[in-house]
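Trainee: Submitted below is the structure of interest, expressed as structure tokens.
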Amino acid sequence: MTIAEKQVARTLSKGSLKHDPLITSGADVVGAMAFTSKLGSMLWRVKWGNDKGAVRPTAILLSKKLRRSGEASRYILRLAMIALQEYVDTRCHHCKGRGHVINADKVVSSCTHCEGTGIARISDQRRMRTLGCNEHAYHQKWKQRLEQAHSMLSEHDSDTGHVMRKQLKEN
């Protein structure tokens, strides 16, 4: 987590906007967010501010950017929700992101769910169930679109980080 990300997380979680000209304050962080893209700032609210109320609006905004003419919006919104959830919550839920588990005999072993990485592995089966599509449709259309959504989130996240560091003059 960069300094800018920590400042955003602290500001958004505490809600403090007191201004102090000698230090980077909450007001500075919120002001810097005004220079980011709408999707980028919403993504950071969800990712670093842990703002549960911003999840659906962020997914809706992402779905509008992903939607092509003639596509059913409900599928695109489901796709956006999956992509956002996977992008924001990368921890393996079995080992809680540690990469290892401790059994009843207090023996530590590598987590078999994430293969010791601590990063969640999302199955295509789970994605198909959430999207409500069959395997053929998923591989023909939705898997590629999900990768596109992940790429878009990554781009906006990266751009927001760059803008925040520039605005807050972080080196």
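Trainee: 7 Å from Cα along Cα→Cβ at both His100 and Ser69: what's the point-to-point distance in nm?
Mentor: 5.7
Trainee: Sticking with this structure for a sec: Quick one: grab the alpha carbon gyration tensor of segment 54-125, order the square roots of its eigenvalues as a ≥ b ≥ c, and give me rounded if a/c is under 1.5, else prolate or oblate depending on whether a/b is larger than b/c.
Mentor: On the way: a/c = 4.50, a/b = 3.16, b/c = 1.43.
Prolate, since a/c reaches 1.5 and a/b exceeds b/c.
Trainee: Among the Cys residues of the chain, which have no other cysteine Cβ under 4.7 angstrom away?
Mentor: So far as the 4.7 Å Cβ criterion goes, Cys133 stand without a partner in the chain.
Trainee: Additional query: Could you give the accessible area per residue of the chain, probe 1.4 Å, as a whole number in Å²?
Mentor: Solvent-accessible surface per residue comes out at 62 Å².
Trainee: Any lysines with Cα under 19 Å of the Lys6 Cα? List them, leaving off those in the same chain fewer than 8 positions away.
Mentor: List returned: Lys14, Lys18, Lys47, Lys52, Lys166, Lys169.
The values are calculated or read from the model by the stated rules, or taken from the named source; none is laboratory data. In this text the structure is predicted, and so the values were computed from the model without any measurement. Every residue, glycine among them, receives a Cβ derived from its backbone with ideal geometry; neighbour counts consider all protein chains shown. Surface areas here come from the heavy atoms of the whole protein model, side chains and all, with no ligands, DNA or RNA. Shrake-Rupley method; radii C 1.70, N 1.55, O 1.52, S 1.80 Å.
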